[in-house]
């Protein structure tokens with residue numbers, strides 16, 4: 001059984017930076033266990049599985065160990081594949097666990113239309129957050145914890161204890177601060193999902209953008225994720241939605257060869 005497969009670097013123009021996502025094109029859903037095995041074998045932050053429907057696509061995302069409810073970079077990668085390689089015109093619409101998600105293109109930028117997920121202030125931070133290795137100014141929580149620091153240098157200097165962070169009751173932990181040459185910067189850690197540090201995390205910006213838009217009194221924001229690979233995101237808060245734009249570039253195109261299922 002041959003599954004068309006692409007590896008796309010998202011939120012970058014450089015295939016050796018940004019966040020690499022696997023994109024598998026399947027005619028119909030394989031068993032969940034098989035989808036998870038493929039994602040584990042790919043060993044990327046997320047592998048996206050895409051099934052074509054009449055005028056849209058169904059989309060699911062898997063980390064090496066779990067299925068996730070929302071993923072930005074793999075959605076950007078999936079839109080890049082169906083537009084660049086399959087020739088479908090935009091807007092590209094994906095049915096997902098987080099509802100209908102649309103992606104549009106303006107020149108070279110692909111823009112995700114995602115739900116906003118504002119964080120609530122946490123008065124008493126859980127002890128496991130000490131695993132970040134530094135004390136944040138404030139802590140918020142939505143799907144993920146958000147640790148707010150005073151400077152970009154603090155965020156870059158974090159050397160987390162991933163075993164301790166894995167004990168938190170959430171998918172991931174976002175560290176963020178004002179940026180030196182961006183409105184804000186971030187890093188994202190998700191050891192409980194098999195991803196110690198995610199290179200660039202679109203879904204984290206569903207929480208970051210509402211926070212920084214309010215703090216900076218500005219709806220349009222430019223962000224950097226300051227992981228080792230790094231990435232750039234152009235963001236806008238629109239009510240209960242967040243627009244997250246970035247570039248994408250194909251690194252690899254091929255096939256996954258699966259045993260024939262009886």
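The values are calculated or read from the model by the stated rules, or taken from the named source; none is laboratory data. Everything quoted here is computed from the prediction, not taken from an experiment. Heads up, the Cβs are rebuilt from the backbone with ideal geometry, glycines too, and the neighbour counts pull from every protein chain shown.
Identify, from the list 253, 232, the residue that is surrounded by fewer than 24 Cβ atoms within 10 Å (Cβ to Cβ) and in the same structural domain as residue 141 (by TED's automatic domain parsing). Break it down stepwise before answering.
Numbers: 253 fails: in the same structural domain as residue 141 (by TED's automatic domain parsing).
Result of the check over 253, 232: 232.
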(message) Would you confirm whether or not segment 11-30 contains a residue that is in a helix (DSSP H, G or I) and surrounded by fewer than 24 Cβ atoms within 10 Å (Cβ to Cβ)?
(response) no
(message) Quick test of your reading of the structure: residue 39 fulfils all but one of (1) surrounded by fewer than 21 Cβ atoms within 10 Å (Cβ to Cβ); (2) in contact with a strand residue (DSSP E or B) (Cβ under 9 Å, 6 or more places away or on another chain); (3) more than 25 Å from residue 245 (Cβ to Cβ). Name the failing condition by number.
(response) (1)
(message) With the requirement that a residue be within 13 Å of residue 23 (Cβ to Cβ) and in a strand (DSSP E or B), what does segment 83-102 give you?
(response) 92, 94
(request) Take the residues in segment 111-132 that are touching a strand residue (DSSP E or B) at 6+ places or on another chain (Cβ under 6 Å) and within 28 Å of residue 91 (Cβ to Cβ), then tell me which one is surrounded by the most Cβ atoms within 10 Å (Cβ to Cβ). (result) 112
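Only one of 171, 165 is farther than 18 Å from residue 212 by Cβ, crowded, with 19+ Cβ neighbours inside 10 Å, outside the structural domain of residue 250 (by TED's automatic domain parsing) and modelled with pLDDT under 95. Can you tell me which? Break it down into steps so the answer makes sense when it comes.
Working: 165 fails: modelled with pLDDT under 95.
Of the residues listed, the single one that is farther than 18 Å from residue 212 by Cβ, crowded, with 19+ Cβ neighbours inside 10 Å, outside the structural domain of residue 250 (by TED's automatic domain parsing) and modelled with pLDDT under 95 is 171.
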(message) For segment 79-88, check the following and say yes or no: at least one residue is crowded, with 22+ Cβ neighbours inside 10 Å and under 14 Å from the mean Cα position of the chain (by Cα).
(response) yes
(message) Between 206, 235, which is part of a strand (DSSP E or B), in contact (Cβ under 8 Å) with a residue 24 or more places away in the chain and closer than 25 Å to residue 102 by Cβ?
(response) 235
